[in-house]
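Novice: After the structure tokens below, expect a handful of questions from me.
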Amino acid sequence: MLGGVVLDDAVFLQKLFNRYVKADFAMVVDALGFKRRRLSKNEDEDNADSDDDNIDEEDNMTITPEEYKTKAFLIQEIVRKLLKRGGLRHNQLAELDLLHVRVKNLSRKWKCFKATHKNLQEQAMVLTPSLIEERCSKFLDVFPNHVKVDKSSQNPSPTQSSSSQHLTLRIYIGEGVYKLGSSVFACILPGENVFACTAMPKHQQPFITHAIAQTLGYLEVEETDMDGGQPESLIDLLVNQHSQGHMSMFRDGLYNISPLDRSQLKKPKVDVKDVPLRQVLVVDDEHGVHAVREEEFNIFGTSKPPTLQRIEFEMETKLKVADPMDCDALIECAVKMEGKDVLNGIKNLGRAKLITGPLPDMLTAVLSAGTNHIQVKE
């Protein structure tokens, strides 16, 4: 694994730190290994009488972002102290890249892959962050590489127990001079065979995806049609492909899973909390409102659906004319839905009265489709 200094160019370092807003620099300072402190007036006077060498040494290890009025001055000070140490090291650069992904999560497009053919020769193992870094780097040894797991972003999966957590990896292949955006990021859920990656060079993709699959304990990997801006939701849609919507309430523990379980669970109810009570206000078509909520409950359950930014529907159909014999040609139709949260938007179509009657099957099937591209057949 690569180590040592990777960047010692002051201009490039300033460009690197300009990716962050001033509010992020407390986390930036922590990622670089600097100390943060705020001294009172009495402490300042005491330190003024201490040894100058000790002050200089402590000053080189300390940066307090709140003491700088502008981001430009703060960046200059960080760069100065880094260069005094010799430059930015590989491990520090990895922490900065992972921090950038964490604070700018929706700025990258993630694509899902599925690992296949379990490696039966390997013993069962618990994938800790340090073991993931070691295994992934070993399987990428054909390139000079650096692998780092973001230990601060071990977010619980929205549908798994708190012991199952998504992990974000930063993979850097050392080909030439480092460039911004040259790192590849992957999101994995230990114990599952699905993972998501950001864009990567085509010549590196087979090596990186196979290295991640082997790290997870599999031999092969295949590409899926699932992509978006929220890797945790993409993985959830594939891992729990057949238990989305109403069925997700079984995973959430809202229903008794076993008929032998005698514990009493409160039955989930339809969400009508925002519907005014009859004695306060009278709702025009109250029966229709409750019918919409009942259908929403039966399809989506009580949990918020995973986040997906884009869905495409494609269909070939014949032109609807009085005499079908007049036109045999097929017409290609395509509809694209895009937004911050498409699945939640579909869920709210009936509530917003943008659609009447039951939701079409092609919309309800989106939850368990496992893809962004859906072929609709007549």
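Novice: Any residue in segment 332-345 that is within 13 Å of Val366 (Cα to Cα) sitting within a Cβ distance under 7 Å of a residue that is loosely packed, with under 15 Cβ neighbours inside 10 Å? List the pairs, counting only those 6 or more apart or interchain.
Specialist: Hits for this filter: Asn344/Lys304; Gly345/Gly339.
Novice: Of the residues Lys304, Lys266, Lys336, which is open to solvent by 40 Å² or more (accessible area, probe 1.4 Å), basic (Lys, Arg) and modelled with pLDDT under 75?
Specialist: Just one listed residue meets the conditions, Lys266.
Novice: Is it the case that some residue within segment 155-177 is within 27 Å of Thr371 (Cα to Cα), modelled with pLDDT of 90 or more, in a loop (DSSP other than H, G, I, E, B) and among the charged types (D, E, K, R)?
Specialist: No.
Novice: Same structure again: Yes or no: segment 367-375 includes at least one residue that is part of a strand (DSSP E or B), touching a Cys at 6+ places or on another chain (Cβ under 9 Å) and surrounded by 14 or more Cβ atoms within 10 Å (Cβ to Cβ).
Specialist: No.
Novice: What pairs come out if I take residues in segment 231-252 that are touching a residue at least 12 places away in the same chain (Cβ under 8 Å) and pair them with residues that are part of a helix (DSSP H, G or I) and aromatic (Phe, Trp, Tyr) whose C-beta lies under 6 Å away, six or more apart or interchain?
Specialist: Pairs found: Gly245/Phe300.
Novice: Criterion first (crowded, with 19+ Cβ neighbours inside 10 Å and assigned to a helix (DSSP H, G or I)) does Leu99 satisfy it?
Specialist: Taking the combined requirement at face value, the residue satisfies it.
Novice: Next up: What are the pairs, 6+ residues apart or on separate chains, where a residue within segment 15-38 that is acidic (Asp, Glu) has its Cβ under 8 Å from a residue that is modelled with pLDDT under 90?
Specialist: As it stands, the answer is Asp24/Val103; Asp30/Arg36, since those pairs meet every condition given.
Novice: If the Cβ limit is 9 Å and pairs must be 6+ apart or interchain, which residue in segment 77-88 that is more than 9 Å from Ala10 (Cβ to Cβ) pairs with which residue that is in a helix (DSSP H, G or I) and hydroxyl-bearing (Ser, Thr, Tyr)?
Specialist: Hits for this filter: zero, empty list.
Novice: Additional query: Quickly run through segment 165-189 and pick out the residues that are touching a residue at least 60 places away in the same chain (Cβ under 8 Å) and open to solvent by 40 Å² or more (accessible area, probe 1.4 Å).
Specialist: Leu180
Novice: Then there is this: Answer yes or no: is there a residue in segment 221-243 that is touching an Asp or Glu at 6+ places or on another chain (Cβ under 9 Å), surrounded by 19 or more Cβ atoms within 10 Å (Cβ to Cβ) and more than 13 Å from Cys112 (Cβ to Cβ).
Specialist: no
Novice: Please verify whether segment 114-130 includes one or more residues that are of a type in the set (Val, Ile, Thr), surrounded by 16 or more Cβ atoms within 10 Å (Cβ to Cβ) and either at pLDDT 90 or above or more than 25 Å from Ala23 (Cα to Cα) (or both).
Specialist: no
Novice: Among Arg85, Arg135, Arg102, which is within 17 Å of Phe185 (Cα to Cα) and modelled with pLDDT under 90?
Specialist: On inspection, the qualifying residue turns out to be Arg102.
Novice: Another question, then. What are the pairs, 6+ residues apart or on separate chains, where a residue within segment 297-313 that is within 17 Å of Val239 (Cα to Cα) has its Cβ under 7 Å from a residue that is of a type in the set (Asp, Glu) and buried (at least 20 other Cβ atoms within 10 Å of the Cβ)?
Specialist: Qualifying pairs under 7 Å: Pro306/Asp236.
Novice: Looking for something of a type in the set (Asp, Glu), within 30 Å of Tyr218 (Cα to Cα) and open to solvent by 10 Å² or more (accessible area, probe 1.4 Å) - is there at least one such residue anywhere in segment 84-95?
Specialist: Checked segment 84-95: at least one residue is of a type in the set (Asp, Glu), within 30 Å of Tyr218 (Cα to Cα) and open to solvent by 10 Å² or more (accessible area, probe 1.4 Å).
Novice: Considering only residues that are at pLDDT below 80 and of a type in the set (Asp, Glu), which ones fall in segment 288-301?
Specialist: None - no residue of segment 288-301 is at pLDDT below 80 and of a type in the set (Asp, Glu), so the list stays empty.
The values are calculated or read from the model by the stated rules, or taken from the named source; none is laboratory data. Since this is a predicted model, take the numbers as computed values, not measurements. Every residue, glycine among them, receives a Cβ derived from its backbone with ideal geometry; neighbour counts consider all protein chains shown. The protein model used for the area step is the full one, side chains on, heavy atoms only, and it has no ligands, DNA or RNA in it. Shrake-Rupley method; radii C 1.70, N 1.55, O 1.52, S 1.80 Å.
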